[in-house]
Amino acid sequence: MASSSSSSLPAAWAAAVRAGAVAPALRAAVWACLAMSAMLVAEAAWMGLASLAAAAARRLRGYGYRWEPMAAPPDVEAPAPAPAEFPMVYKLSIGAACALTWPPDRIIIQVLDDSTDPFVKELVELECKEWASKKINIKYEVRNNRKGYKAGALRKGMEHTYAQLCDFVAIFDADFEPESDFLLKTMPYLLHNPKIALVQTRWEFVNYNVCLMTRIQKMSLDYHFKVEQESGSFMHAFFGFNGTAGVWRVSAINQSGGWKDRTTVEDMDLAVRASLKGWEFLYVGDIRVKSELPSTFQAYRHQQHRWTCGAANLFRKMAWEIITNKEVSMWKKHHLLYSFFFVRRAIAPILTFLFYCIVIPLSAMVPEVTIPVWGLVYIPTAITIMNAIRNPGSVHLMPFWILFENVMAMHRMRAALSGLLETARANDWVVTEKVGDQVKDELDVPLLEPLKPTECAERIYIPELLLALYLLICASYDFVLGNHKYYIYIYLQAVAFTVMGFGFVGTRTPCS
């Protein structure tokens, strides 16, 4: 009986196809995806060329802004006041912040502790007291609630009287470790160029070789900095603030309306509003700040949901404001609306999943629908090559990067739609967990660390497993009855969904 039922499924599908119930809708989906693919590859090519032009220009004339080395600051123990050229700066972090080279009477280290764990709060407060005992001007601040999350903490932090005396704010998340000369390298751009509101530096990853997932993350983020941030800075003096490892002019923050908690991307929100006020941004890729990548799959999923959903939600909230803005050129408004938001924050996450994980596998079961070779092969190959060019040391990982990114596209599409439609989950905020030195001290993790999903049910991801089943059906149908020969790719993608669905990715951490 079961055999009869299972054998009737291909026949039922074939009957539906012959009846013409599937092909027209699928054909329309194919051409919609091809149109979006063309937009995406054109945007990638444009950014790639712009970033290469920026690199060439930088070799000839630097970053195009005035920069002069700052005078050596007085000795830390010296009682004399610092020269007037050193403006007041406060920053958010602890360890490396206290080692920054800057006159001690011209810097305030502000630690904003929004943690909910009393033990962690106690440790942070004790560390701050220890630094204070060494005559470091450090302030430990906590709130009685977590309203607005990071944006709320930043807004509250800047309301303190001592913070209002500062002209600039350098922002670092707790896992970021700037070099001691960070301010000496970044501040001259702000001091000598009054139109610059933000100097953003590049992230460097101390744990990128922990597992395959962190290596893939490094590839994607390196492309983001080398291409997206570099081209935006060079062509438009605008890019999205990365939320950390950057220095802001306080007057620009205030003029732009301060930190807002209406989305989960308060950093991008502020950057867009400041840009609409005419402020310029500068990305300095030569300055790098050490940081940590999330090494567990669950943490990475939460992070990507927040970033993708928040950006799409911000697009929804600010599109009309950008259109009606009178302070910037049409060229910049076009860049913000089309390139920065529409193509990269809406089209990219939706297309990747819809085309490569739904439409192509489904077309393998519909012989009447054929995908042109330029859309099926040439465009994805071009995008892959453009990424590989900027990651020459990771070319051997490109097949894994493609499969991994296609799986993550499912989450990014859901997040993008949640943000665009402003669903109940649009403002979900889950802190990205990072394991710190635990990875180095306690784990010996190979490229692909097998977890034990039976030990913890939360390591089994049902959506990934359902997609894997769908892909296996499509691939098997194409292998046995189809004529498209897509099954090799679809089988590989099904394996990727299965591996990630059972949690065989990332590092091993205790169940919470």
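The values are calculated or read from the model by the stated rules, or taken from the named source; none is laboratory data. Note that the coordinates shown come from a computational prediction; the quantities given were computed from them, not determined experimentally. Positions of Cβ are generated from backbone atoms using ideal geometry, with glycine treated the same way; all protein chains shown enter the neighbour counts. Just so you know, the surface numbers come from the protein's heavy atoms only, side chains and all, with ligands and any DNA or RNA stripped out. Shrake-Rupley method; radii C 1.70, N 1.55, O 1.52, S 1.80 Å.
Treat every Asp and Glu Cβ in the chain as -1 and every Lys and Arg Cβ as +1, leave all other atoms uncharged, and give the resulting dipole magnitude about the Cα centre to the nearest 20 debye.
Roughly 1500 debye, rounded to the nearest 20.
Take the alpha carbon atoms of the stretch 400-418, find their center, do the same for the stretch 460-512, and report the distance between the two centers in whole angstrom.
Answer, in whole Å: 13.
List every DSSP H helix in the chain whose Cα atoms extend 18 Å or more along the helix's own long axis and whose mean Kyte-Doolittle hydropathy is at least 1.0.
Membrane-span-like by this rule: 23-61, 462-480, 487-501.
Counting only other residues whose beta carbon sits under 11 Å from that of Arg390, what net charge do I get with K and R as +1, D and E as -1?
-2
Could you compute Rg(Cα) / (2.2 N^0.38 Å) for the stretch 259-340, with N its residue count?
1.28
Kindly give the semi-axes, whole Å and largest first, of the ellipsoid equivalent to the chain, taking each as the square root of 5 times a Cα gyration tensor eigenvalue.
Largest first, the chain gives 45, 26, 20 Å.
Take Met386, Met213 and sort them by solvent-accessible surface of the protein heavy atoms, 1.4 Å probe, largest at the top.
Result, largest first: Met386, Met213.
Within the stretch 107-197, list the GluC sites (Glu not before Pro) lying in a DSSP loop whose Cβ has at most 12 other Cβ atoms in a 10 Å radius.
Sparse-neighbourhood loop GluC sites (Glu not before Pro): Glu159.
Grab the DSSP H runs of the chain that are 4 residues or longer, score each as -39,500 (n - 2.57), total them, divide by all residues and round the 222 nm result to the nearest 500 deg cm²/dmol.
So the helix-based figure for the chain works out to -15500 deg cm²/dmol.
I want the local charge near Glu228. Using Cβ-Cβ distances under 11 Å, sum +1 for each Lys or Arg and -1 for each Asp or Glu among the other residues.
0
For the stretch 279-410, taking Cα atoms only, what is the radius of gyration to one decimal and the Dmax to the nearest whole Å?
Computed over the Cα atoms of the stretch 279-410, radius of gyration and Dmax are 18.3, 54 Å.
Positive end of the dipole of the chain, charges at C-beta (+1 Lys, Arg; -1 Asp, Glu), about the Cα centre: which of Gln164, Val210, Pro367 has its Cα farthest in that direction?
Most positive-ward Cα: Pro367.
Measure up Lys218/Lys290; Lys147/Lys290; Lys156/Lys317 against 19 Å on the Cα-Cα distance and list the ones that go over.
The answer is Lys147/Lys290; Lys156/Lys317.
Along the positive direction of the dipole of the chain (beta-carbon charges: Lys, Arg +1; Asp, Glu -1; about the Cα centre), which of Ala42, Ala25, Ser339 reaches farthest?
About the Cα centre, the residue reaching furthest to the positive side is Ala25.
Which order do Thr214, Thr296 take when ranked by solvent-accessible area (1.4 Å probe, heavy atoms of all protein chains), largest first?
Correct descending sequence by accessible area is Thr296, Thr214.
Within the chain, what percent of beta bridges assigned by DSSP are antiparallel, to the nearest 5?
In the chain, approximately 30 percent of DSSP beta bridges are antiparallel ones.
Projected onto the charge dipole of the chain (+1 at Lys/Arg Cβ, -1 at Asp/Glu Cβ, origin at the Cα centre), which of Tyr356, Thr101, His484 gives the Cα projection farthest towards the positive end?
After comparing all options, I get His484.
In the stretch 243-333, which GluC sites (Glu not before Pro) are in a loop and have at most 16 other Cβ atoms within 10 Å, using DSSP for the loop call? Show your work: numbers first, answer last.
Working: sites: Glu266, Glu280, Glu292, Glu321, Glu327; in loops: Glu292, Glu327.
Taking the stretch 243-333 and a limit of 16 other Cβ atoms within 10 Å, the loop GluC sites (Glu not before Pro) found are Glu327.
Where does the charge balance sit around Thr308 when Lys and Arg score +1, Asp and Glu -1, over other residues with C-beta under 10 Å from its C-beta?
Net local charge, Thr308 excluded: +4.
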